[in-house]
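Peer 1: Let me begin by handing over the structure; questions about it come next.
Since every read-out is calculated from the coordinates, none of them should be taken as a lab result. All of these numbers come straight from a predicted model, not from anything done at the bench. Cβ atoms come from the backbone with ideal geometry, glycine included; neighbour counts cover every protein chain shown.
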Amino acid sequence: MPSHPLNQAPLPIGRTNPDYDWDQLVHEDRVHRVVYTAPDIFEAEMTNIFGGVWVYLAHESQIPRNDDYVTVRLGLRPLIVLRDSSGKYRALYNRCTHRGATLCREASGSAKVFQCAYHGWTFMNTGELRGVPWPEGYASDLRNSCFNLAQVPRVESYRGFIFGTLNPDAPALADYLGPVREPIDEWLDRHPGSRVVVRDANRLKFHGNWKLAYDNSADGYHVKFSHRSLLEMENRFKADNEKGMSFYKDHPDDAPMYVRYFGNGHHFKDKRPNVEKRPGALWEIEGLAPGMEFFEEEIRKRLGENAPRALDLASSEPVNINVFPNLLILGNHIQVIEPVSVTETNTTWYATAVVDEDGDLGETVDLINAFRMRTQEGFPAFGEVDDATNFEEIQRGLAAPEDEWVYMHRGLGIPGRFTTGADGSITGPATDEVFMRETFKEWKRLMANPPAIEIRREV
Ligand code: FES
Ligand SMILES: [Fe+2]
C-alpha cells in the first residue's frame, strides 16, 4: 500500500508575540488605549492569556450524566465539554480533523458519537476517530492519532466548576485559584448540600473589548452613577431606601464593604459586611420585584420559623467573585465572559438553583427557585444594560488615537488606604481601582511571557 507521511515534526503552536514594549503600555496608574483596540494584542491574548492560564469552561451540573455535552469556547477555540461514556470530563476541540468544520452545532445534548455534517467523519466522545465514509479511498492509516480530535490536555474541577488549560506549565487548578477559593466556598456553602446547579442563561453581546467587562467586575466607583435608574427602581415603593444596592447611595467608601485583590488576576467585591448576620436580613434588602409578595407569603406559610432562611436563599448574595480571566460569580449568577473579537464580547449569565439536599425544604424548593429566577432576572435586565452601554461607549471613546491613556489610579498613593493580608491579598475601600491595577500587572506579566501551549490527540 502506498504510504502517506504522517506525524512529521509538528509546526510550533501559537504565533509570534507582537513586538510591543509592555512596560510602555501598562503603567502603575494607567494603561494605553491599544490594549483595548489593537487586533494583534487581542490575537496574542487568545494564546498568552486564554492559552496560558486556567480558563472556566462549564459547570458539572450542565453535564450531569455520561455522554452529556455543552459547546463553549476557550478564547476563540470552539470546544465540546463533555463527560465521555466512562464518565471522564474532557474538553474536545469542536473542529473536525478533516477540513476543520465544527463538529457539534448544538448548545448542549447527549451523544456517544459525533458525526461531521460536511463529509460524515465520525468521532467517539473520547475524541477518537471512529470511521470515515468509503475508507478504501484513503491510502493512509486512519488509526493514526493525528486524525483524532484535538483536546485540551488538562481539565480539572473545583467544587463543580470545570476549568481547562493548554499550558503544561500552569500550576494545579487549586493553586491557580489560591485564596479566591475561600469566597467561592462561602458562596456555595450557604446553600443546602453546599452546592447549586446551573440553569439556563441570559445571553448578551456588547461591542467592546472583553477586558472592559473584567475591569468593571469589582468596580464600586460606578454603581451610584451608572445604575441610578436601577437603584431608584429597587427602592421605588419604600420610604427607607434600603433595598438592593442602596449601600452605594451615600459615600460607599464609608460603608463596611471592601474590594480585595487575591493574586493571579482574581478579585472580590464583598458587600456582605453591609448586611446584618441573621436569618432574613438578606431578604429584607432584596430589591423589589413583581410578584414577590406571593412568594414571601407562601414560603412563610409553609415553613413558619424557618422561612427567613429560605427567603435568604432566594435573595441575591451581595458578592462579586472574579476569577481571571472569564468567570464572574455575582449575586446568585455565574457570568462568563467570552471574547469574540477585539471589539466584541459575549457575556452569558447562568442562573443557579438550589437543590433540596437535606430534604428539609420539600416542595418549597420549587418556590424558592421560582423566586430566585425572578431575582436573577433583575440585574441582567436592568443593570447589565447600564454596564454594557458604558463598555460600548468606552470602546467608542478609545477610537481617538492621540488621546492615549486610560487611568486607574483611584486610591494610589494615599497612605493607609490598603491592608495586605498574610496570603498577599490587598484590601481597600469599595470604590478603589487597586484590583484593576493589580490585574493589569498580571496581564502584562502573561503577555510578556508566552506559554508553550499544547494540545493532545491521544485519547
Ligand atoms: S470537514 Fe468534517 S468530514 Fe470533512
Ligand atoms: Fe455595574
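Peer 1: For LEU288 and GLU182, compute 0.36 nm times the residue count separating them, minus their Cα-Cα distance, and round to one decimal in nm.
Peer 2: 35.2 nm
Peer 1: Enumerate by residue number the chymotrypsin sites (Phe, Trp or Tyr not before Pro) in segment 78-176 meeting two conditions: DSSP loop (anything except H, G, I, E, B), and at most 13 other Cβ atoms within 10 Å of the site's Cβ. Write down the numbers at each step before the final one.
Peer 2: Values: sites: TYR89, TYR93, PHE114, TYR118, TRP121, PHE123, TYR138, PHE147, TYR158, PHE161, PHE163, TYR176; in loops: TYR118, TRP121, TYR138.
Passing sites in segment 78-176 are TYR118, TYR138.
Peer 1: Exactly which GluC sites (Glu not before Pro) in segment 42-112 are in a DSSP loop and have at most 13 other Cβ atoms within 10 Å?
Peer 2: Taking segment 42-112 and a limit of 13 other Cβ atoms within 10 Å, the loop GluC sites (Glu not before Pro) found are GLU106.
Peer 1: I would also like to ask the following. Tell me, what HN-Hα J-couplings in whole Hz come from the Karplus equation 6.51 cos²θ - 1.76 cosθ + 1.60 at θ = phi - 60° for each residue of segment 417-422, using x for Gly and Pro?
Peer 2: Calculated HN-Hα couplings, in order: 7, 10, 10, 10, x, 4 Hz.
Peer 1: As I understand it, the value is the acute angle between the Cα axis of helix 292-303 and the longest principal axis of the Cα atoms of the chain; what does it come to in degrees, rounded to 10?
Peer 2: Helix 292-303 sits at roughly 90 degrees to that axis.
Peer 1: Ok, one more. Quick check on segment 180-448: take the gyration tensor over C-alpha atoms, sort the square-rooted eigenvalues as a ≥ b ≥ c, and tell me if it's rounded (a/c under 1.5), prolate or oblate.
Peer 2: Prolate, because a/c is 1.5 or more and a/b exceeds b/c.
Peer 1: Hey, another quick one. Taking only Cα atoms, what is the 0 to 90° angle, nearest 10, from helix 434-448's long axis to the longest principal axis of the chain?
Peer 2: The angle comes out at about 10 degrees.
Peer 1: Measure nothing but the geometry: give the 0 to 90° angle between the long axis through the Cα atoms of 39-48 and the longest principal axis through the Cα atoms of the chain, rounded to 10°.
Peer 2: Computed tilt is about 80 degrees.
Peer 1: Related question: Expressed as a rounded percentage, what relative contact order does segment 402-457 have, with Cα pairs under 8 Å and six or more residues apart? Before the final figure, lay out the partial values.
Peer 2: Working: 29 pairs, mean separation 16.5, N = 56.
So the answer I get is 29 percent.
Peer 1: Which entries in the list LYS205/LYS271; LYS249/LYS301; LYS269/LYS441; LYS211/LYS269; LYS112/LYS205; LYS88/LYS205 go over 23 Å, if you measure between the two C-alpha atoms of each?
Peer 2: LYS205/LYS271; LYS249/LYS301; LYS112/LYS205; LYS88/LYS205
Peer 1: At most 10 other Cβ atoms within 10 Å and a DSSP loop assignment: could you name the GluC sites (Glu not before Pro) in segment 328-430 that fit?
Peer 2: Hits after loop and neighbour filter: GLU363, GLU402.
Peer 1: Could you work out the relative contact order of segment 180-448, using alpha carbon pairs under 8 angstrom and six or more residues apart, expressed as a whole percent?
Peer 2: The value is 30 percent.
Peer 1: Return the FRET efficiency for the residue pair GLU377, ALA139: r is the Cβ-Cβ distance, R0 is 60 Å, and the value is rounded to the nearest 0.05.
Peer 2: Efficiency at R0 = 60 Å is approximately 0.55.
Peer 1: What size of dipole, in debye to the nearest 20, comes out for segment 78-222 about its Cα centre when the only charges are +1 on Lys and Arg C-beta atoms and -1 on Asp and Glu C-beta atoms?
Peer 2: Rounded to the nearest 20 debye, it is 480 debye.
Peer 1: Follow-up question, since we're still on this one. Using amide H atoms built 1.01 Å from N in the peptide plane, name the residues 5+ places from TRP121, or on other chains, whose amide H lies under 5 Å from its own.
Peer 2: Hits under the 5 Å cutoff: CYS116.
Peer 1: Go through the cysteines of the chain and tell me which have no other cysteine Cβ under 4.7 Å away.
Peer 2: Cysteines of the chain left without a disulfide-compatible partner: CYS104, CYS146.
Peer 1: Taking neighbour Cβ counts within 10 Å as the exposure measure, how do ARG272, ARG154 sort from fewest upward?
Peer 2: Starting with the residue having the fewest Cβ neighbours, the order is ARG272, ARG154.
Peer 1: Now a separate question. For segment 19-34, list residues with backbone N below 18 Å from a point placed 7 Å from the Cα of GLU402 toward its Cβ?
Peer 2: Taking a point 7 Å out along Cα→Cβ of GLU402, the residues of segment 19-34 whose backbone N falls under 18 Å are 33-34.
Peer 1: Given the rule -39500 (n - 2.57) for each run of at least 4 DSSP H residues, summed and divided by the residues of the chain, what is its mean residue ellipticity at 222 nm, to the nearest 500 deg cm²/dmol?
Peer 2: That comes out to -7500 deg cm²/dmol.
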